[in-house]
Amino acid sequence: DAKTTQPNSMESNEEEPVHLPCNHSTISGTDYIHWYRQLPSQGPEYVIHGLTSNVNNRMASLAIAEDRKSSTLILHRATLRDAAVYYCILRKRGGSEKLVFGKGTKLTVNP
Amino acid sequence: GAVVSQHPSRVICKSGTSVKIECRSLDFQATTMFWYRQFPKKSLMLMATSNEGSKATYEQGVEKDKFLINHASLTLSTLTVTSAHPEDSSFYICSARDPRHPNNEQFFGPGTRLTVL
């Protein structure tokens with residue numbers, strides 16, 4: 001399985017944009033890039049996913065590099081409620097539904 | 001989004017006893033559910049894939065006789081930690097995919113915190 005690499009932690013200030021990077025240099029052509037986040041003492045929740053093109057939804061944007069070896073999750077205006085661990089996960093199209101979590105990035109949002 | 005619930009949210013038991021944790025999909029049917037374990041300040045570790053009407057598929061290193069999984073209906077999977085010991089204390093989380101959602105996203109339960117004394 002292709003692996004992802006994320007910084008252990010990042011900090012942001014409230015109402016500022018946050019760019020969370022993820023490297024996946026061994027990604028294959030059929031791997032989707034998924035992002036989930038886990039708030040303290042809760043189960044993870046889906047944030048966004050994409051394959052090749054950049055994606056936007058109400059929670060965030062996903063910018064995928066042209067060679068697909070890296071991606072960036074963008075929170076346009078961080079709030080205190082966005083403080084969580086963010087996981088970048090690869091999942092093969094048509095493959096197993098299971099998600100393999102890496103260490104993720106712990107995002108701290110300062111007021 | 002779809003809702004996945006877990007019961008209980010928190011359980012404390014004595015060493016040697018067995019503990020059953022339920023995972024329910026409240027508004028959708030899930031042929032497949034997943035069980036994870038998470039130790040403090042660590043990431044989620046996939047334990048097993050629970051398949052409705054058939055045997056669970058366990059990840060390497062997970063003892064199937066220790067962690068019994070039953071997926072008897074399309075909305076319920078149970079994880080039983082048998083003869084629990086203090087090292088089994090952890091946060092157990094289940095998830096399921098709602099086939100109605102085009103995003104292929106998984107929905108996670110709120111987790112069950114198990115403490116074995």
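For the range B:1-14, a residue qualifies if it is of a type outside the set (Val, Ile, Thr) and in a loop (DSSP other than H, G, I, E, B), and the qualifying residues are B:1, B:2, B:8, B:9, B:14. When A:30, A:5 are checked against the criterion of being surrounded by fewer than 16 Cβ atoms within 10 Å (Cβ to Cβ), closer than 20 Å to residue A:99 by Cβ, at pLDDT 95 or above and not charged (D, E, K, R), A:5 stands alone in meeting it. For the range B:15-40, the candidate set comprises residues that are among the hydroxyl-bearing types (Ser, Thr, Tyr) and not in a loop (DSSP other than H, G, I, E, B); within that set, the residue that is modelled with the lowest pLDDT is B:32. The residues on offer are B:113, B:100, and the sole one that is farther than 17 Å from residue B:48 by Cβ, assigned to a strand (DSSP E or B) and not β-branched (Val, Ile, Thr) is B:113. Would you check if residue A:41 is of a type outside the set (Lys, Arg) and assigned to a loop (DSSP other than H, G, I, E, B)? It is true that residue A:41 is of a type outside the set (Lys, Arg) and assigned to a loop (DSSP other than H, G, I, E, B).
Say whether the condition of being within 11 Å of chain B (Cβ to nearest Cβ), crowded, with 17+ Cβ neighbours inside 10 Å and touching a Ser or Thr at 6+ places or on another chain (Cβ under 9 Å) is met by at least one residue in the range A:13-25. No.
The values are calculated or read from the model by the stated rules, or taken from the named source; none is laboratory data. Note that this is a predicted model, so its numbers are computed, not measured. Neighbour counts run over all protein chains shown; Cβ positions are idealised from the backbone, glycine included.
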